[in-house]
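The values are calculated or read from the model by the stated rules, or taken from the named source; none is laboratory data. Note that the structure is a prediction, hence the values are computed from the model and not measured. Here the Cβ positions follow ideal geometry from the backbone for every residue, glycine too, while neighbour counts run over all protein chains shown. Only protein heavy atoms, including side chains, enter the accessible area calculation; ligands, DNA and RNA are left aside. Shrake-Rupley method; radii C 1.70, N 1.55, O 1.52, S 1.80 Å.
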Amino acid sequence: QVQLVESGGGLVQAGGSLRLSCAASETTFNINVMAWYRLAPGKQRELVAAITGGDSRNYADSVKGRFTISRDNAKNTVYLQMNSLKPEDTAVYYCKAVTSKYIAWGQGTQVTVSS
């Protein structure tokens, strides 16, 4: 089963940017969907963005126009570029991989946006 490791989280002021990375332990070529979720205190886990092997993307309404998901199969990595960050984007962000055989999650990376 693929192992996922997120990085790139941190503390940023409102209006700033961060780029999250999700490195997979094996080729992402065989992963059907890779996605970013987030979990904020007191809230349910939310799908932020997803990308398929065919490069189809979808985003939560709350991040459309601000976040961009991309994948680099040569580097076995998926990215989440987050611009114009808002305090309400504060959460732990998790990477998820969906294959025909299993679903894998990363350990999460904290993103904190100060006002």
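Results, tabulated for the structure shown:
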quantity	calculated
Rough spin-label spacing in nm, given labels placed 7 Å along Cα→Cβ, for Glu88 and Leu39	2.2
Separation of alpha-carbon centers, the range 41-58 and the range 67-115, rounded to whole Å	8
Partner lysines for Lys75 [C-alpha distance under 21 Å; skip if fewer than 8 residues away on the same chain]	Lys96
Ordering of 3-10, 18-25 by packing [mean C-beta count within 10 Å, highest first]	18-25, 3-10
Shape category assigned to the range 65-109 from the gyration tensor of Cα positions, a/c cut at 1.5	oblate
Derived scalar couplings ³J(HN,Hα) [the range 14-21; Karplus, 6.51 cos²θ - 1.76 cosθ + 1.60; whole Hz; x for Gly, Pro]	3, x, x, 9, 9, 10, 8, 10
Dimensions in Å of the range 3-60 - Rg and Dmax from alpha carbons	13.2, 37
The chain: relative contact order as a whole-number percent, Cα under 8 Å and 6+ apart	37
Gain on full stretching of the segment that runs from Ala23 to Leu47 - 0.36 nm per residue minus C-alpha separation	6.8 nm
Accessible surface of the chain, 1.4 Å probe, proportion on carbon and sulfur as whole %	48
Reachable aspartates and glutamates from Lys64, criterion Cα separation under 17 angstrom, eight or more residues apart if same chain	Glu46, Asp55, Glu88, Asp89
Gain on full stretching of the segment that runs from Arg57 to Ala14 - 0.36 nm per residue minus C-alpha separation	13.0 nm
Solvent-accessible heavy-atom area per residue, rounded to whole Å², over the chain at 1.4 Å	52
Cleavage-rule hits (chymotrypsin sites (Phe, Trp or Tyr not before Pro)) in the range 49-115: DSSP loop, at most 12 neighbouring Cβ within 10 angstrom	Tyr102
Contact order relative to length of the range 66-109, as percent, for alpha carbon pairs under 8 angstrom and 6 or more apart	26
